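Everything on this sheet refers to the single structure shown next.
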Amino acid sequence: MSSNFDRAIVSIRHHWVLYFFVLPAILLVAVFQYYPAASGIYHSFFRWNGADIAEYNAGQNYVDLAKNDAFWRSFELAFILGAFNVLKMIPAVVVAVCIHRCISSRVQFFYRLAFVAPMVVPGLVVALIWRTFFFDASYGLLNPFLQSTGLMWVLSQADSLLSWGGVFTPQASPSWLGEPRLIVPALLLFGLPWVGSFAILIHLAKLQQISKDVYEAADIDGVGWFGKFTSIELPLILGSIHLLLVFVIIDTIKDAGTVMALAGVNGGPGGAATVPALFMFQRAFTSQQMGEACAIGVVITVVVLLLQKIADLIVRKEHSGFHFAGFIARGAVAAIGGIMLYSGASWLIGIPLLMVGLPWELLFKWYRKWEKESLAEARRVHDRQPFVRPPVRELTAGQRKFRQVGLSLLKHGTILAVLLVAYLPVWLMVVVSFKTNQQFYADPLSITFPLIGQNWVEAQKTIMPNVANTLYFAGSATVLILIIGLASAYFFARRNMPGQAILWNLILILMMMPTIANLVPLFGLLRDLNLLNSLTALILVGASGGVVFATFILRNFVADIPKDLFEAADIDGASHLSQLWRVVLPLSGPALGTVAVMQFIAMWNEFILPLVIMRDSNLLPVMVQLLRLNGEYIKYWGPLMAGYAMASLPIIILFTLSMRLFVRGLSEGAVKG
Amino acid sequence: MMAIFRFLWNNAALILIAAAFAWAAGTVWTRAARSIEGENEIVLRVCHWQLETGYRDAINELGKDFSDDYFKRTGKRVTIIQDAIPETVYGQFVSTNLIGGTAPDLISVGLGLSNVIWREYLNRYFVPLTSDINRPNPFNVGTKLEGVPFKQTFVDGGRSSYNEELQNYMTVPTSVHAIRLFYNVDLLEKLTGLRTPPKEWNAFLAMSEKIGSQKKADGTQYTPLASSKYHFGVWASTVADPLTWTLLKKADFNRDGYVSSEETFAAIKSGRLKFDDPAIRARYAIITQLTPSFPEGWTGKQRDEAVFLFAQQRAVFIPTGTWDARSLQQQAIDADGKQIFEVGIIDFPSPTSTDPVYGPFALGPKYDRPLPWGGFGITRTCKHPDVAFEFLQYISSLKGNEKFNEIVGWIPVVEGAAIPESLRSFKPTLRGMYGNFAPFVGGETSVRFEQLSDVFIAGRISFDEMVKQYTPAYLTMGEKDYTLAKRDWKRGSLGSEQFLVTMRESLKTVPAERQREMLWRYASLTARRQLFPTVDRAYQVKLIADSGKGSGEGSVQLPAPYELSAAARSRAKENLRKSLAFESK
């Protein structure tokens, strides 16, 4: 004990300067993350109008929420979307494997490059395009597609068989965003073919680590293409799937922007598309029930933490040990889930709660024991029999060629089909950007002449100042994130310092905390700091969230730098600042690049916070400006689409230019899964 | 040289990103430096949701004129900056900026939030204009309105500016709106042989059915009525709502000619009115007759998407107001200025009193309330409230208002201002029925009502099912909303009390010959501001408090509105007789 204490004293005496490395990060997260969170919890116990009325109501907000059907429905919807979002991870895995299986590295590079543009088009732009060009019942592409492929007939048959109430009939064009029962399927369909921005690259980075020898060995053993996937590729990318699963869960719960862009602030017809974050937004800024909105924020945070735990339990296989407190907590959660199921309050909430409460560790332990015993028995039986090598199926040269060509066709066909669907919104955006309204009314989907380049000039006048705003705030915040993140990562990775574990846990918790949950108190904080309607607010808040992520990623990177380098620097008398500058920085290029690209794109696409805190149109980030332009009563489609394209171009260029660095960062473990 | 080139080539991405960032930073900083308000410059921010053609130009144009005028008088320039916010996020924008203390100087009032919340915001964040609006508008000097109090220069006598609950004039309007049915004359003729559609309800429905049964050359069906959720609201307010006029007799407890949301709550809570009242049922019945003529998926369409159908000549009719008149006319002209189709404007069809279903409720024509809405209020955070009010006076002066509405193509709000030629057909009908259906009390009830209405109009639940689901929610949530509204009213009455105290005190100092006049004004204001609203509220509270007691002892024994006891009727007759006798002297 005493020696530990002495070591701590020595560490502080010799390396006190290290605390200054983490200080900016701590200050930033304390002010813009923890304070709003604490304020949110505090105000959730008040009837608060966000300004001058705050009456303590002793948890009445929570009671009101518990009684509010709309609140429960919003979580039901989030669970449904979450479950489907997990399924939506599959296409990215398939595409990544198909690209990885391409023999030519040039073809691989081409496909990777081809996926960049549709993948990084901002989510808001994609949502607005989908709303108009896909979901609209009169001229959207979805209904004609279903009609022409006969899928509408299938759906109508299913409708009459399963009594959906006549939502689908063979000749009708259903309103995907106007029919209460179709809006949720519409949300599920949105974004087809669901190849997420980073997912493919993350999977590819993992797959690149597989040596060609492994495939050759598999070929010799006669392993088929699917066998290679299940035995070689899938185990390797499971880690990144786990990581993405966590992001998917958090994103589903905290996402309000997509639903808002597709269905409006009221959550579509009957509020059927109201997700928890949107419900909170409505309570705060439409009904002016800020206290209740804070309570919803608290619930969202708790649910995200719980879901993270579930994801952890489901994906991780290694569980051992018994913790009494954990057992009791689990029991309580399971009991609540059971009661909800039994009383019929909400099976969609009850089942997940019950799942959290189940003693997974014990179940896994029993399963492994059973598996081990049955395998041992099978092995004993097997060992008693003489070994017979299974006959290897010999293929003729023609069969081999046929199979090779077939697989190649399947591979490229899959990639091209996904690319085709992925490029459809981009195509529409570009084509319509060269049309007059009359051309658009006559033929919205194909190229018409003359091409109207003037639309781009008009869009440039409307959009470019906002592009500059976004470049400025996202760029500044990214630079801040890299500087502060790297310094704090150095603090956490370089030496064991007193208090380091506590600070690390404080940072880790923030990784799981959805920022939107603290939107209302954050708004109050920015008002008190006189930062509303300023780009500085966006920079600081963006940086505070990004620093958490950067610290988390970069700490692993710094920790992996060989200790010898630091020791040599110590012997040369280099200070910590000098070591950070001369040792860490030169080696962290790829990781910094990955963090920078991810954070920059995240900030570029952000629009809920700017929507709430920004006023002046000349200060607006580009996404909010697009939302405003989209609200015009008579739309001039050409300039509008040119504006969408201009808002997407910088991010496409950035991603294309930095893709190599980004992928290198991923390969070197920037995002460890 | 090669080394430089190689460096540039190797770091092209970084250099490009750095250059882009430098450009962005330069743009932001130079703009920040420019936007600092100079010593001789006053900046006014104007926030509105009017994204129609011409409105922003009109504000800019009048802003320039006002700035020139102001410069001549004071040597200072006034710069008008507009925050034109889409309808979908207008409520949120106003809320966040008012609460955050970053509100624009002038805000157009009335959209995106429930009336209760607007009232609360007006109370907390806006400057009362009562004293200023009672003075003549200086910009009317030299016109026939010279010397006339500002409020009386409006076509509605300033009624739309006055807030009953806050007992103050809070806004200044700029235009009047009327709603009409626009149609594609050529397409109507092609499909039905008519150039003017029928006015009678059933004939109009039959014509719509005929249009809907025909197909274009590409196989797509024609849509009789281009509609979205927004346009549904227009139909509801013009065709369906007037059928609820008779609710006055059940819920207009203060007999001011309108059924407020609070009165509706008191009536529902006390059982004097039910949501399945025949008049309300008729309102929904007529709506369900309309919707089959709407385009497929109209519930998911936005306002511009219905305009798209009309402009594409796939729909014959579109209901909208003066605000869209110019935009729609523009859609009928191609890039070379050639007319693609003729746009006609008519009044809405309506059922007659002989109609077997709607007859009992269709007691006359639809009343076109002169609709000066979306008036501007001045926020308390405005640095130059006097200049902001002057700007409003300028824009609503006789000449200013004529010019403003000429540019935007709307109807002027100022009495005697010339109406643009293209808007003659919008001349309002000032006699007839109007809606008295106020189905929600505040934020909570409005969200629930809207959600259930959506499900109803999508045909997923029946009227009875909607009523069954909404009534308990309304009674529970409405209680909360009503309490909040009551609190706000109390806050307003405190401000009013301060005003009256000041007036009472000033009575001591004014000359004797003015004392009588002031005393009369004091008594009148006290009655209007304190007594009548208090009595109204007390009546409502009594009704609510006694609800559920049945007709037994302790239940409310108050008569229904417009139903007077024999004694009261004879007292009224006696009073009338006395006053007539007094006047004849």
Cα to Cα, under 19 Å, and not fewer than 8 places away if on the same chain: which lysines meet these conditions relative to A:Lys254? A:Lys88, A:Lys309
How big is the stretch A:463-570 by the Kirkwood estimate over distinct Cα pairs, in Å? 15.7 Å
Looking only at the protein assembly as shown, where both bridge partners belong to it, what percent of the DSSP beta bridges are antiparallel (to the nearest 5)? 65 percent
With a probe of 1.4 Å, find how much accessible area the stretch B:371-476 has per residue, and write the answer as a whole number in Å². 40 Å²
Rounded to the nearest 10 Å², the accessible area of B:Asp336 at probe 1.4 Å: 140 Å²
Counting only protein heavy atoms and leaving out ligands, DNA and RNA, the solvent-accessible surface of B:Thr429 at a 1.4 Å probe, in Å² to the nearest 10, equals 50 Å²
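Could you rank A:Leu87, A:Leu161 by how accessible they are, 1.4 Å probe, largest area first?
Values: A:Leu87 100, A:Leu161 145 Å².
From most exposed to least exposed: A:Leu161, A:Leu87.
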Entries of A:Lys461/B:Lys72; B:Lys190/B:Lys301; A:Lys635/B:Lys338 with Cα pairs more than 28 Å apart: A:Lys461/B:Lys72
Rounded accessible area of B:Trp49 (nearest 10 Å², 1.4 Å probe): 10 Å²
Calculate the all-directions average of the projected area of the stretch B:361-510's alpha-carbon convex hull, and give it in nm². 15.7 nm²
Cut-off under 5 Å, modelled amide H: who pairs with A:Thr169 long-range: none
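How large is the Kirkwood hydrodynamic radius of chain B, in angstrom, based on all distinct alpha carbon pairs? List each step's numbers first, then the result.
Numbers: mean 1/r = 0.0367 Å⁻¹.
After inverting the mean inverse Cα-Cα distance, the result is 27.3 Å.
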Whole-percent carbon and sulfur share, accessible surface of the stretch B:370-516, 1.4 Å: 57 percent
The stretch A:69-206: relative contact order in percent, alpha carbon pairs under 8 Å with at least 6 residues between: 35 percent
For the stretch A:63-127, which whole-number percentage of the solvent-accessible area (1.4 Å probe, protein heavy atoms only) is attributable to carbon and sulfur atoms? 70 percent
Find how many whole Å separate the alpha carbon centroid of the stretch B:332-359 from the alpha carbon centroid of the stretch B:1-53. 49 Å
Could you report the buried accessible area between A and B, both sides summed, computed with a 1.4 Å probe and given in Å² to the nearest 100? 6400 Å²
Among B:Thr79, B:Thr96, what's the order by accessible area (1.4 angstrom probe), most exposed first? B:Thr79, B:Thr96
Checked chain A with the C-alpha gyration tensor, a ≥ b ≥ c its square-rooted eigenvalues, rounded below a/c of 1.5, otherwise prolate if a/b is larger than b/c and oblate if not; verdict rounded
From Cα pairs below 8 angstrom and at least 6 apart in sequence, can you work out the relative contact order of the stretch B:213-313, rounded to a whole percent? 43 percent
How high is the relative contact order of chain B, in percent, counting Cα pairs under 8 Å that sit 6 or more residues apart? 20 percent
In Å², rounded to a whole number, the accessible area per residue of the stretch A:395-545 with probe 1.4 Å is 42 Å²
Sort A:His203, A:His100 by accessible area with a 1.4 Å probe, largest first. A:His100, A:His203
Quick check: Cα centre of the stretch A:58-129 to Cα centre of the stretch A:559-633, how many Å? 23 Å
For the stretch A:139-178 the residues that are at least 20 Å² less accessible with all protein chains than alone, 1.4 Å probe, are A:Tyr139, A:Ser173, A:Ser175, A:Gly178
What are the residues of the stretch A:460-500 that lose 50 Å² or more of accessible area, with a 1.4 Å probe, going from their chain alone to all protein chains? A:Ala468, A:Leu471, A:Tyr472
The stretch A:128-287, accessible surface, carbon-and-sulfur percent (1.4 angstrom probe): 65 percent
Along each principal axis of its Cα atoms, how long is the stretch A:392-451 end to end? Whole angstroms, biggest number first, please. 65, 17, 14
Apply the Karplus curve 6.51 cos²θ - 1.76 cosθ + 1.60, θ = phi - 60°, to the phi angles in the stretch A:573-582 and return the couplings in whole Hz, x for Gly and Pro. x, 6, 6, 4, 4, 5, 5, 4, 6, 9
How about the stretch B:72-88: which of its residues lose at least 50 Å² of accessible area in the presence of all protein chains relative to their chain isolated, using a 1.4 Å probe? B:Pro86
Using Cα positions and a limit of under 16 Å, work out the lysines in reach of B:Lys468, with same-chain residues fewer than 8 apart set aside. B:Lys269, B:Lys274
Over the Cα atoms of the protein assembly as shown, each weighted equally, I'd like the Debye log10 I(q)/I(0) at q = 0.05 Å⁻¹, rounded to two decimals. -0.42
Just to be sure I understand the curve: with the Debye formula and one point per C-alpha of the stretch A:1-69, what is log10 I(q)/I(0) at q = 0.14, 0.21, 0.28 Å⁻¹? -0.66, -0.93, -1.09
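The values are calculated or read from the model by the stated rules, or taken from the named source; none is laboratory data. Fair warning: this is a prediction, and the values are worked out from it, not measured in the lab. Surface accessibility is based on the protein's heavy atoms, side chains included, excluding ligands, DNA and RNA. Shrake-Rupley method; radii C 1.70, N 1.55, O 1.52, S 1.80 Å.
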